[in-house]
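Notes follow the structure.
Read-outs throughout are calculated quantities, based only on the coordinates presented, and are distinct from any laboratory measurement. Everything numeric in this text was worked out from a predicted model, so none of it was measured. Cβ sites come from the backbone with ideal geometry, for glycine too, and all protein chains shown count toward neighbours.
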Amino acid sequence: MTSSQSGDWWGTGGGDDGEEPHVVVRDRRRIDPESGEVRPESASPAGAPAGSAPAGGPGQGADSELAESLRAQLVERTADLQRLKAEFDNYRRRVERDRQQIGEQATAKVLASLLSTLDDIGRARDHGDLEGPFKAIAEALETALEAAGLERYGAPGDEFDPSIHEALMHSYRSDVNGPTCVDVFRAGYLHAGRVLRPAQVSVAEPTGEPTTAPPAAAEPVAETAGRPAEQGERAAPMPDDTGSIPGPDNGEPTVSAD
């Protein structure tokens, strides 16, 4: 820029006459702020040459193909995301189930080691030796183990179940309707639906009515012994004063043919 041009610029824009440069503001907003509609001059891309292809021409077809391609990719990515989410949910449930099983197995192992102590407490209670502070400690221990999920079972009168009972003795009784535990030698314990130790019991099964009857020959003999001699039957001869047994005429005089 030359000095003369610089002087002209300064003289034009900032002379001493106090005139300000002319400023032109053009509103290029596509939406009319007053009506809220699209302005006519903004409907077509800015700078589009006159006589360009109208809407629905080859350019519109390319846009629709691009939209369909993007829509297909969206559906595919959504399916992949749903598949990954389902796999993660299954993994999370499997890990939670395994964690719960490991915890139950650890708890069951600890409870199984305390069963002999519970047996000693039960024997002491049966013999009346569970008294004083020891009784309070034993009851507190049993309460804590029950809160941990330990269940005791096995009582006389329970129906025999081979999956949770161990039969040590077997007998037949008429006062039971099916296989029944009549005696319990050692209580059983459960934890989380699993048998820690089966109950040792004595099992009784029902028996039928006796089918043997008294011998048939015994009754006629008893009746014969208790009834009087029938008419026509001769009683056995009795000995006389001399000790001899009379003959068939019972000591009466006999009449000879002579």
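Scanning the range 132-153 for residues that are more than 27 Å from the chain's Cα centre (by Cα), loosely packed, with under 14 Cβ neighbours inside 10 Å and closer than 29 Å to V182 by Cα yields a single hit, E139.
I need a count of the residues in the range 112-163 that are aromatic (F, W, Y) and in contact with a strand residue (DSSP E or B) (Cβ under 8 Å, 6 or more places away or on another chain).
So the first thing to find is which residues in the range 112-163 are aromatic (F, W, Y), and the list is 134, 153, 160.
Adding the requirement that they be in contact with a strand residue (DSSP E or B) (Cβ under 8 Å, 6 or more places away or on another chain) leaves 153, 160.
Here the count works out to 2.
Looking only at the range 109-166, residues that are β-branched (V, I, T) and farther than 18 Å from R186 by Cα come to 3 in all.
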